[in-house]
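Here's the structure, in structure tokens; my notes come after.
Please treat every number below as a calculation from the coordinates, not as lab data. These figures come from a predicted structure and were not determined experimentally. As a convention, Cβ positions derive from the backbone with ideal geometry for all residues, glycine included, and neighbour counts pool all protein chains shown.
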Amino acid sequence: MIRKRFVNAGRKTAAVILVLALTAGLCGCGGSKDATVKESAEESAAAQSTVMEPINPEEVKSEDVMKEEEKPAEAATQKEQPKEVIEKPEPTEVDPEAERAEAERRKEENEKRKQDNTAAVNLDEVLDGVMTFDGMQLEFPVDLNSLKLGKWTITYEIEGNPGDKTLVADQVVTAKMTNPDYTDDDVIVKAEFGNYTGSEMKLTDLPMTGIYITKGKGKDGAEPKLPETELPCGFTWGTSESEIIEQLGEASFSGSFDYDFDFMYENGKYLLELGGMSDTGLEYIVYSVE
């Protein structure tokens, strides 16, 4: 009886031990698997945390926004300012009568100014046909037989023998005047022979009726050598434009040609033409019988 209880007790104890052993084994296996799964999940979470780090929306800016922020504030302000609109002025109507009246007024003023200048200068007293050229006193028309040319020689600018040449009324022939002391780089001089007799005349019988004198350009940058020249009012090489106008008033003709100024004065007997540059003054002279 005692033995049976002991055996039963031993069976119960063994069963308990077996149950405990099985429970411990099962718990041990499950715990290991759960630990492995848990560790893998934590590693995956850590990896995702590194790759998928939370982003602050305020720190995310597009390239356009970054460029816009780099621009000066003034640029943004200027960009916002509206463009100024300039209105085209409306054309005004022109009154033809007013235009004609203004043109007449200007014309009258110009005529009055010319008359005032003419009244102030008596060209009959100024233009007397007398001048000095390289020591020669010229009084147009000049008889060549009474003119001492010195070193100057005259060569008519015509073909053939001048002695065989005749000029009709108002025909003019020029002649080149040369002097070994001057070259064309210094000065170019021409004499005028005009037939103002009213009838046909032999060229060699005609007096010298005028002279054309042109300042040369100089050679190799050197200033040209110029013959002494004195005109009415004391005009000479280099006389300024303003002085000419002051002494003779408004010219009857004014042009530019190759010069900055070119004035022509005449009184019915003689003609005086004066041309030159604004910086160097008088450079071109024509003085002749009109």
Of the peptides 186-196, 219-229, how do they stack up when ordered by the mean number of other Cβ atoms within 10 Å, highest first? 186-196, 219-229
Over 20 Å between alpha carbons, listed pairs K190/K215; K151/K219; K151/K225: K151/K219
List, largest first, the extents of the alpha carbons of region 123-289 along their principal axes, each in whole Å. 46, 39, 27
Counting only residues 5 or more places away or on other chains, whose amide H sits under 5 Å from the amide H of W237 once H atoms are built in the peptide plane? T229
Please turn the phi angles of region 212-222 into ³J(HN,Hα) values with the Karplus equation 6.51 cos²θ - 1.76 cosθ + 1.60 (θ = phi - 60°), one per residue in order, whole Hz, x for glycine and proline. 10, 10, 10, 5, x, 8, x, 10, 6, x, 7
Projecting the Cα atoms of G135, V286, G275 onto the charge dipole of region 123-289, where Lys and Arg contribute +1 and Asp and Glu -1 at Cβ, the residue farthest towards the positive end is G135
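May I ask you to derive the FRET efficiency for T197 and T153 from their Cβ-Cβ distance with R0 = 41 Å, giving the value to the nearest 0.05?
On the way: r = 25 Å, r/R0 = 0.62.
The pair T197/T153 has a calculated efficiency of 0.95.
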Once Lys and Arg are counted +1 and Asp and Glu -1 for all other residues with Cβ under 13 Å from that of M177, the total becomes -3
For L167, enumerate residues with amide H under 5 Å from its amide H, sequence gap 5+ or separate chain, H modeled in the peptide plane. M201, K202, L203
Whose amide H sits under 5 Å from the amide H of E290, counting only residues 5 or more places off or on another chain, with H placed in the peptide plane? Y270, L271
Multiply the residue gap between A169 and A222 by 0.36 nm, knock off their C-alpha separation, and tell me the result in nm, one decimal place. 14.7 nm
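Given Cβ point charges of +1 (Lys, Arg) and -1 (Asp, Glu) and nothing else, what value in debye, to the nearest 20, does the dipole of region 123-289 about its Cα centre take? Write down the numbers at each step before the final one.
Working: 11 positive and 32 negative charges, 133 e Å.
Using only the charged Cβ atoms, the result is roughly 640 debye.
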Spin-label point model (7 Å from Cα, Cβ direction): what's the E246 to Q137 distance in nm? 2.9
